[in-house]
Amino acid sequence: MKVESVPPRRHLPPLLKLALEVGPLAVFFLTNAYAERFGVTAESKLFLATGVFVVATMIALGVHFALLRRLPIMPLVSGVVVLVFGGLTLALQDKTFIMMKPTIVNTLFGLVLLGGLAFNKSLLSVVLDSMFALTDEGWRKLTFRWGLFFLALAALNEIVWRTQTEDFWVSFKVFGIMPLTIVFALAQTPLLLRHERKDEAEAKVG
């Protein structure tokens, strides 16, 4: 019997993936920063930025799906939360919902990762759509670190939006959370190298 080989999962080029993830945030920031120049009041600009953010997020997810015919868990969950909390922000005219969105998303990811470890399941490869090949110990350590990091981001967002101005929170959302995430991810490189599965590494070289 002829066995058909399963084609490898396609992944977006890194720059395109980054553009789809950061693009909606950039649009959100720019709309909030320049809305007043076009006659939008200071009180209303965050609502306008939220509406644009929701639309941009849906477009980014649509492009992602059109190119890969699938949606990774993390962008999908984040997109659903943006749609729900952005919609509540606009429908109820209450900015609290959009400001709490990073708290909800990061808490959810953190609890899922740490909860999975409690049942001896390292879910990071599923949540982050990972391309790494690690040992079981490597996945456990990396999952634990990312779980704590997501919870730390959730707590940090709560502190910022409750104690700072709207404009500061918007800037922090774009220029704070993303750089912190990149720095944290890069800091995990030694762990990735220590726990890379040797068979996978040799297969790549061969």
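The values are calculated or read from the model by the stated rules, or taken from the named source; none is laboratory data. Worth saying up front: this structure is predicted, and the values here are computed from it rather than measured. Backbone-built Cβ (ideal geometry, glycine too); neighbour counts: all protein chains shown. Heavy atoms of the whole protein, side chains included, go into the accessibility calculation; ligands, DNA and RNA do not. Shrake-Rupley method; radii C 1.70, N 1.55, O 1.52, S 1.80 Å.
Please compute the per residue accessible area over the chain with all protein chains in place, 1.4 Å probe, rounded to a whole number of Å².
Numbers: 12010 Å² over 206 residues.
Heavy-atom SASA per residue in the chain reads 58 Å².
Per-residue ellipticity at 222 nm computed for the chain from its helices equals -25000 deg cm²/dmol, with DSSP H segments shorter than 4 residues left out and the rest contributing -39,500 (n - 2.57).
Can you tell me how the chain classifies by the Cα gyration tensor, rounded, prolate or oblate, using a/c under 1.5 as the rounded cut? Prolate is the answer for the chain, as a/c is 1.5 or above and a/b outweighs b/c.
In the chain, carbon and sulfur make up what percent of the accessible area (probe 1.4 Å)?
Values: 8300 of 12010 Å².
Heavy-atom surface of the chain belonging to carbon and sulfur, 1.4 Å probe: 69 percent.
Close amide H contacts of LEU134 (hydrogens built in the peptide plane, cut-off under 5 Å, sequence separation of 5 or more or a different chain): ARG197. Straightening the chain between SER44 and ILE182 buys 46.5 nm, computed as 0.36 nm per residue apart minus the Cα-Cα spacing. Counting pairs on different chains as well as pairs 8 or more places apart, how many Lys pairs in the chain have Cα atoms under 30 Å apart? Lysine pair count for the chain: 22.
So for each of 133-146, 58-71 I average, over its residues, the number of other beta carbons within 10 Å; can you give me the resulting order with the highest mean first? If you can, show how the numbers build up before the last one.
Details: 133-146: 18.1, 58-71: 14.5.
Averaged packing, sorted descending, gives the order 133-146, 58-71.
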